[in-house]
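A.B. asks: Sharing a structure, written as structure tokens. Questions coming.
None of the figures in this text is laboratory data; all of them are computed from the coordinates on show. Since the model is a prediction, treat every value here as computed from it, not as a measurement. Cβ: placed from backbone, ideal geometry, glycine included. Neighbour counts: every protein chain shown.
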Amino acid sequence: MPQAQWGPHHISRCEQQIGQKLLNDEPSLVSYSSDFGRLTHLKPAAVFSPPTTQALQQIVAYANANNLPVTLRANGLSQCGQTLPVAGGLTIHMDRFCAVHEPEDTFIWVDANATWATLLAAALPMSRVPYVIPYNTNLSIAGLLSVGGVGAASFKHGVAASHVDAVEVVTANGEIQRVGADSPLLHACLGGLGHFGVITKAAIQLRPCGRHVRTFFLAYLDKEQWLKDLTIFKRRADFIETVCSPALQGTKSTPKGRQPFAEWLFTLQVSFEYDDKPPELAGLGDEIRPWKVSHCQDETMEAYLLRHNSRFNAMKLTGQWDLQHPWYECLVAHDVVLAELDDLLNSLPLYYATVIHLVPIARREPAGFFMAPDEPEFFSVMILNPGLPPALVPSCLEVIKALDDRFLTQGGKRYLAGFLGWDLPPSYWETHFGSKYKTWLDSKKRYDPKGIFCSLLYGRNSSC
């Protein structure tokens, strides 16, 4: 069947059929034409913010009956067009699906566009938290599950998508299904970037937690000791953040002229839950030998889990939030990171790599189409620059290409929320999904045979 577009005829006819207005005025369309990356742009033909599940079902059914493309959008915090439409496509904005339902002992039902912060507000009074909480708790529930979900507890619990009991999904034909952990539809939606159905709510697994958190901020000059201590803390801590920070030394002569260079400091932020008595660093083992204990901090569990909000608020206050964000996130085997780290740090331009996050992640099955190296543990190598002016962006995109050449050839897998590049070849996805590529194609044919669920990242065809 020929592909159609949302022109005036379909917009008017759809409005009459579902009894709801679509947004198609120029200011509205412009506001939905980019994402957080500010690198990719395309205006939708129209935007619909469904007020109810029934309205969502109706517009999806209309799109399917008329072979019209739709793209799902939560908060638009991806960077490469994951939430942008194809030409002539409709954006379905899930902003009204934000309820958090009564928590149970081991799980909580949460609407698609509720944030992880609102989930925490409901679960913490019961001393319960999800197994993995993202660094940015303002991300939507479904948006995070559609890519995986990495956090400071990923070193022992894997990704957030591995801790979902059930989902409620509107499928391409407009039907609504509630499916559990044994359902292929659930696994298609986890890590599926909204290409198999619309998650309307999810049952997120919860675990008991302490009321307080103590964090030790540890600095290292010796990379080997840093890695040894990281191995120890992975057996004992509740949360870990691992960062490489450059200390600017000046400029040195290079074939490209004088360039800034740095010595790198290696840091660990290791955190422990407790109710009454906090742990002491001395009690965690004599073999732990940081160069310096920079700080020790006690706070409530809520304050700890929301700790990165101050950084995001500062980005907005200073205007960095509105700059371009060519973020790099790649899942790389443990041994590859250790072999490449020295050369990596020496090769990165400091205006781009203000810090390097190395997030240790344990493999936990199942996690749908979340793709990672076939290893029991791996790192997410993350460069999350706070924002760049346009003049610096082209050289940073060259850095991203060089990083992909370094890591993807050694089995690395890009985390699909970041900037992947423009005009990706069809073979990119076959390589990315590897042994799951056939399952991806089969799932697309099963759940969305007309290919209505699509995005600018993948383009519109049933094999994307």
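A.B. asks: Can you tell me the alpha carbon radius of gyration of the range 107-208 divided by the globular rule-of-thumb value 2.2 N^0.38 Å?
C.D. replies: 1.00
A.B. asks: With charges only on Cβ, +1 for K and R and -1 for D and E, what is the dipole size of the range 212-414 about its Cα centre, in debye, rounded to 20?
C.D. replies: For this selection, approximately 620 debye.
A.B. asks: Long-range amide H contacts for Trp264: which residues qualify at under 5 Å (H placed 1.01 Å from N, peptide plane, sequence gap of 5 or more or a different chain)?
C.D. replies: Amide H neighbours of Trp264, under 5 Å, 5+ apart: Ala247.
A.B. asks: Then there is this: Could you run the Debye sum over the Cα atoms of the chain, one equal point scatterer each and no solvent, and tell me log10 of I(q)/I(0) at q = 0.10, 0.12 Å⁻¹, two decimals?
C.D. replies: -0.75, -1.07
A.B. asks: Starting from the Kirkwood Rh over alpha-carbon pairs, what translational D in µm² s⁻¹ does the range 1-157 have by Stokes-Einstein at 10 °C and 1.306 mPa s?
C.D. replies: Translational diffusion coefficient: 94 µm²/s.
A.B. asks: I would also like to ask the following. Report ³J(HN,Hα) in whole Hz for each residue of the range 90-101, in order, from the Karplus equation J = 6.51 cos²θ - 1.76 cosθ + 1.60 where θ = phi - 60°; Gly and Pro get x.
C.D. replies: 3J(HN,Hα) across the range 90-101, in whole Hz: 9, 9, 9, 8, 8, 5, 8, 8, 10, 7, 10, 9.
A.B. asks: Also, I was wondering about something else. Summing +1 for each Lys or Arg and -1 for each Asp or Glu, what net charge is found among the other residues whose Cβ lies under 10 Å from the Cβ of Glu299?
C.D. replies: 0
A.B. asks: Sticking with this structure for a sec: In whole Å, what are the extents of the range 1-48 along the principal axes defined by its C-alpha atoms, from largest to smallest?
C.D. replies: Ordered largest first, the range 1-48 gives principal extents of 35, 27, 14 Å.
A.B. asks: Output needed for the range 257-362: three equivalent-ellipsoid semi-axes, defined as square roots of 5 times the C-alpha gyration tensor eigenvalues, in descending order, whole Å.
C.D. replies: So the three semi-axes of the range 257-362 are 29, 23, 15 Å.
A.B. asks: Considering the Cα trace of the range 342-414, what is its radius of gyration and what is Dmax, both in angstroms?
C.D. replies: Reported Rg and Dmax, both Å: 14.0, 42.
A.B. asks: Let me ask something additional. As a check on your grasp of the helix formula, calculate [θ] at 222 nm for the chain: sum -39500 (n - 2.57) over DSSP H runs of n ≥ 4, divide by the residue count, round to the nearest 500.
C.D. replies: Helices in the chain give a 222 nm mean residue ellipticity of -8000 deg cm²/dmol.
A.B. asks: In cubic angstrom, how much convex hull volume per residue do the alpha carbon atoms of the range 77-129 span?
C.D. replies: Expressed per residue, the convex hull around the Cα atoms of the range 77-129 is 92 Å³.
A.B. asks: Measuring from label point to label point, each 7 Å out along Cα→Cβ, what is the Arg235 to Thr52 span in nm?
C.D. replies: Result: 5.8 nm between the two label points.
A.B. asks: To continue, here is another question. Using label points projected 7 Å from each Cα along Cα→Cβ, tell me how many nm separate Glu287 and Arg363, to one decimal.
C.D. replies: For Glu287 paired with Arg363, the spin-label model returns 2.4 nm.
A.B. asks: Extending each Cα 7 Å along its Cβ direction at Gln17 and Thr300, get the distance between those two points in nm, one decimal.
C.D. replies: Rounded to a tenth, the inter-label distance reads 4.9 nm.
A.B. asks: How long is the gain from Leu350 to Leu441 if the chain were fully straight, where each residue apart is worth 0.36 nm and the alpha carbon distance is subtracted?
C.D. replies: Extra length available between Leu350 and Leu441 comes to 28.7 nm.
A.B. asks: Based on alpha-carbon atoms only, what is the radius of gyration of the range 212-414 relative to the globular estimate 2.2 N^0.38 Å?
C.D. replies: Working it through for the range 212-414, the quotient is 1.10.
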